[in-house]
Amino acid sequence: MKNLFIIILFMLPLIAGANTLLPLADQVVVEKSKRKMYLIKQGVVYREYPIALGYRPIGHKGKEGDKRTPEGRYIIDYRNPESRFYLSLHINYPSEKDLQSAADNNVSPGGEIFIHGQPNNTKHHPSKFRGRDWTDGCIAITNQDIKQFWTLVKDGTPIEIRP
């Protein structure tokens, strides 16, 4: 009986799911050109996700409606479990620098940049979104991936979005 208890004790993390075996990220890095997002703990990448970006992925977001994903250093500051996409985590774009640049160009910087899953209540199969950029400037991953990401990234986590 004692051996059975020990086996069960060691199997619990495996039974509970892979997320229990992974640490919380202390940084998220997005490589737009590679269409990859990485979770990092103490300088080591331990998880990567394929991503989709805005319809116009090259270049930094300059104004509202330009369909670009911003570049720079931001913070994941809150989450929305009831968004129109399957789970979403907000990126605190625009920064002060973004606001100043938009003001200098007499445009609105835009906002509402999230990391999210697929659209809720869509008629399209998830494969329709795979391998193409389809957001208005957000970072999208599969619903399965966003479930894991949601548990591994806490509010306040820094995110660096690179070209």
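The values are calculated or read from the model by the stated rules, or taken from the named source; none is laboratory data. This one's a predicted model, so the numbers in the text were calculated from it and none came from an experiment. Virtual Cβ from ideal backbone geometry, glycine too; neighbours counted across all protein chains shown. Accessible surface is based on the protein model in full, side chains and every heavy atom, while ligands, DNA and RNA are left aside. Shrake-Rupley method; radii C 1.70, N 1.55, O 1.52, S 1.80 Å.
Which residue pairs have Cβ atoms under 7 Å apart, sit 6 or more places apart or on different chains, and have a first residue in the range 83-110 that is on the phi > 0 side of the Ramachandran plot and a second that is among the aromatic types (Phe, Trp, Tyr) and surrounded by 13 or more Cβ atoms within 10 Å (Cβ to Cβ)?
Leu87/Trp150
Of (1) open to solvent by less than 60 Å² (accessible area, probe 1.4 Å); (2) at pLDDT 95 or above; (3) in contact with a Lys or Arg (Cβ under 8 Å, 6 or more places away or on another chain), Leu22 satisfies all except one. Which?
Against the list (1) open to solvent by less than 60 Å² (accessible area, probe 1.4 Å); (2) at pLDDT 95 or above; (3) in contact with a Lys or Arg (Cβ under 8 Å, 6 or more places away or on another chain), Leu22 comes up short only on (2).
Identify, by number, the condition in (1) outside any loop (DSSP other than H, G, I, E, B); (2) under 17 Å from Lys67 (Cα atoms); (3) under 13 Å from the mean Cα position of the chain (by Cα) that Trp150 doesn't meet.
Checking Trp150 against (1) outside any loop (DSSP other than H, G, I, E, B); (2) under 17 Å from Lys67 (Cα atoms); (3) under 13 Å from the mean Cα position of the chain (by Cα), the one that fails is (2).
Just name the residue that is least open to solvent (accessible area, probe 1.4 Å) out of those in the range 33-64 that are of a type in the set (A, V, I, L, M), at pLDDT 95 or above and assigned to a loop (DSSP other than H, G, I, E, B).
First, pick out the residues of the range 33-64 that are of a type in the set (A, V, I, L, M): 37, 39-40, 44-45, 51-53, 58.
Right, trim to at pLDDT 95 or above and you get 37, 39-40, 44-45, 51-53.
From the residues that got through so far, the ones that are assigned to a loop (DSSP other than H, G, I, E, B) too are 51, 53.
Values: Ile51: 19, Leu53: 0 Å².
Looking at the filtered set, the residue picked out is Leu53.
Which of the residues belonging to the range 69-95 are modelled with pLDDT of 95 or more, more than 13 Å from the chain's Cα centre (by Cα), not in a strand (DSSP E or B) and not hydroxyl-bearing (Ser, Thr, Tyr)?
Within the range 69-95, Glu71, Pro94 qualify.
Identify all residues within the range 80-114 that are of a type in the set (D, E, K, R) and surrounded by 17 or more Cβ atoms within 10 Å (Cβ to Cβ); write none if there are none.
Within the range 80-114, the subset of a type in the set (D, E, K, R) is 82, 84, 96-98, 104, 112.
Across the range 80-114, the qualifying residue is only Asp98.
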